[in-house]
Ligand SMILES: Cc1cc2nc3c(=O)[nH]c(=O)nc-3n(C[C@H](O)[C@H](O)[C@H](O)COP(=O)(O)O)c2cc1C
């Protein structure tokens, strides 16, 4: 299975999660490529059988230019010139491609998250195989991932490898 991971990150947490997910997939023998959102392809290569889309949660949804600027004002080293929402608007949809979204956030699991918002946008742009995956917790006091979350991301990556069976 070829896996394409597209991720957005300002403080670095979503990128670390994406890398841990990729490492989990690699442990199960799957090849993955990870792109930061501004460099991600607008045409999904034909050998990609699973697309993973990761984004920080800003205002209970995907980021906007304004919230990305706020992240920088709050100490993020930099922010990408486009966010996942803009990429979803630009990428050519693949109706049957398996897609899972994930996010990072500081709030609890019952509030709306960016992964859910990204799934909605992907589906309405023609990715009918999109489903919401996992949220990973960032500690609001330190702006770093909470204990155990990288391990959980690694395990989720390994579990995604089993989707192979679903596809065959
Ligand atoms: C402008 C802004 C708005 C945010 N809004 C939310 C929010 O609504 N819910 C939440 O759980 N976290 C919120 N956060 C915290 C982010 O989710 C957190 O900074 C992010 O997960 C870090 O990811 P990154 O390190 O990949 O940039 C917000 C952060 C910023 C900068």
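Each value in this text was obtained by applying a stated rule to the coordinates, not by laboratory testing. In this text, all values refer to a predicted model and were calculated from it rather than measured experimentally. Virtual Cβ from ideal backbone geometry, glycine too; neighbours counted across all protein chains shown.
Computed extension gain for residue 66 through residue 49, at 0.36 nm per residue and net of the alpha carbon distance, reaches 2.8 nm. Residue separation of residue 131 and residue 146 scaled by 0.36 nm, minus their Cα-Cα distance, works out to 3.0 nm of gained length. When only Cα pairs below 8 angstrom with a gap of at least 6 residues are kept, the range 2-167 shows a relative contact order of 29 percent. The angle separating the long axis of helix 13-27 from the principal Cα axis of greatest extent in the chain is about 30 degrees. Shape of the range 12-168 from the C-alpha gyration tensor: oblate (a/c of 1.5 or more and a/b not above b/c, with a ≥ b ≥ c the square roots of its eigenvalues). For the chain, find the longest principal axis of its Cα atoms and tell me its angle to the long axis of helix 149-160, 0 to 90°, nearest 10. Relative to the chain, helix 149-160 is tipped by roughly 20 degrees.
Express the relative contact order of the range 52-107 as a whole percentage, based on alpha carbon pairs under 8 Å and six or more residues apart in sequence. Reported as a whole number, the value is 52 percent.
Just subtract the alpha-carbon distance of residue 96 and residue 33 from 0.36 nm times their residue separation and send over the number in nm, one decimal.
20.7 nm
With the simple model of a label 7 Å out from the Cα in the direction of the Cβ, residue 78 to residue 26 spans 2.2 nm.
Report note on the peptides 3-11, 90-98, 122-130: ranked by the mean count of other C-beta atoms within 10 Å, highest first, their order is 3-11, 122-130, 90-98. With everything on Cα atoms, drop me the angle between helix 114-124 and the longest principal axis of the chain, reported from 0 to 90° to the nearest 10. Rounded to the nearest ten degrees, it is 50. Ellipticity at 222 nm from helices only: DSSP H runs of n ≥ 4 in the chain, each -39500 (n - 2.57), divided by the residue count, give -10000 deg cm²/dmol.
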